[in-house]
Amino acid sequence: MPNCKTTTLKKILTLFLTSLSIFTFGQTDTTKKKYEYEICIYHRPKEKPTVIKNERIGIGDTTIAFVSGTIYDYEKQPLGFAALNFLSLTDSSKHDVFTDSLGNFKLHLPADKYKLTALFVGYTSLTIDDLQLGTGELRELKLQLGNGGAFKTYLIQSDKPLSEKDLRKTEKRLRRKG
């Protein structure tokens, strides 16, 4: 015959373990699922490229033109190793030069009409569509490149799934904010 105290103790222990397992495994997860979205927006450049100086500084006794000058960034600091491309509008020949470490360049060209493009990675390029260089002309150029546009990625977090319409509204708001 079983002992009354042992049986009661076993029942209490079983009841306790059963209630403990119900309490542990029966709870619902209180942490909510987070939804994350990435929105990538292109921000246009604020500073535009400009021609600071485009001036004939003299005439030489030669059949070619001489162009010299400096390229600056949008903060008016000399921009080393920027590229300049002179495209002849009469025969489509190209003449390229890079600035030195101080942003200065020098180039001898045949007298002609040129399309000049100054560029550097990460900056807005500058184009002069009609640069006329005469025979023997000495021309000085000072050009300022604009800051380049940039892509910025925004991380959007939400407790609930967002619709495409909600994401478009968020994107518009971020574009206005800049």
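The values are calculated or read from the model by the stated rules, or taken from the named source; none is laboratory data. Please read these numbers as outputs of a predicted model, since none were measured by experiment. Note: ideal-geometry Cβ built from the backbone for every residue, glycine included; neighbour counts use all protein chains shown. Surface accessibility is based on the protein's heavy atoms, side chains included, excluding ligands, DNA and RNA. Shrake-Rupley method; radii C 1.70, N 1.55, O 1.52, S 1.80 Å.
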Self-check item: Table column - 3J(HN,Hα) (Hz), the range 158-172, Karplus curve with 6.51, -1.76, 1.60, x for Gly and Pro
Solution: 8, 7, 10, x, 9, 7, 4, 4, 4, 5, 5, 4, 5, 4, 4
Quiz item: Can you give the accessible area of residue 130, probe radius 1.4 Å, in Å² rounded to 10?
Solution: 90
Exercise. Order 99, 62, 153, most accessible first, counting only protein heavy atoms with a 1.4 angstrom probe.
Key: 153, 62, 99
Quiz item: Tell me, what is the 1.4 Å probe accessible area of residue 121, in Å² to the nearest 10?
Solution: 130
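Over the range 117-164, with the other protein chains present, what is the accessible area per residue in square angstrom, probe 1.4 angstrom? Before the final figure, lay out the partial values.
Values: 2520 Å² over 48 residues.
Accessible area per residue, the range 117-164: 52 Å².
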Exercise. Provide 97, 67 ordered by accessible surface of protein heavy atoms (probe 1.4 Å), highest first.
Key: 97, 67
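If one computes P(r) from the Cα atoms of the range 90-178, what percent of pairs lie at distances over 15 Å? All intermediate terms of the calculation are to be shown ahead of the outcome.
On the way: 2856 of 3916 pairs.
Within the range 90-178, distances greater than 15 Å cover 73 percent of Cα pairs.
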Exercise. May I ask for the distance between the Cα centers of the range 126-168 and the range 66-85, given as a whole number of Å?
Key: 17
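Rg over Rh of the range 31-123, using C-alpha atoms and the Kirkwood radius, what does it come to? Could you put the intermediate results ahead of the total?
Numbers: Rg = 20.2 Å, Rh = 16.2 Å.
That ratio is 1.24, to two decimals.
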Quiz item: Once amide H atoms are placed 1.01 Å from N in the peptide plane, what residues at a sequence separation of 5 or more from residue 89, or on another chain, have their amide H within under 5 Å of its amide H?
Solution: 113, 114, 115
Quiz item: Which stretch or stretches of the range 83-119 have amide N atoms under 15 Å from the point lying 7 Å from residue 63's Cα along the Cα→Cβ direction?
Solution: 109-112
Quiz item: Taking R0 as 35 Å, what's the FRET efficiency between residue 172 and residue 85 from their Cβ-Cβ distance, rounded to 0.05?
Solution: 0.40
Self-check item: ³J(HN,Hα) computed for each position of the range 86-100 - Karplus, 6.51 cos²θ - 1.76 cosθ + 1.60, integer Hz, glycine/proline x
Solution: 9, 9, 5, 7, 9, 10, 6, 6, 10, 9, 10, 8, 10, 6, 7
Exercise. Please turn the phi angles of the range 45-55 into ³J(HN,Hα) values with the Karplus equation 6.51 cos²θ - 1.76 cosθ + 1.60 (θ = phi - 60°), one per residue in order, whole Hz, x for glycine and proline.
Key: x, 8, 9, 8, x, 9, 8, 7, 8, 9, 9
Quiz item: Where the accessible area of the range 45-178 is counted over protein heavy atoms with a 1.4 Å probe, how much of it, in %, is carbon and sulfur?
Solution: 51
Quiz prompt | Residues with amide H under 5 Å from that of residue 69, placed H, sequence gap 5 or more | solution = 105, 141
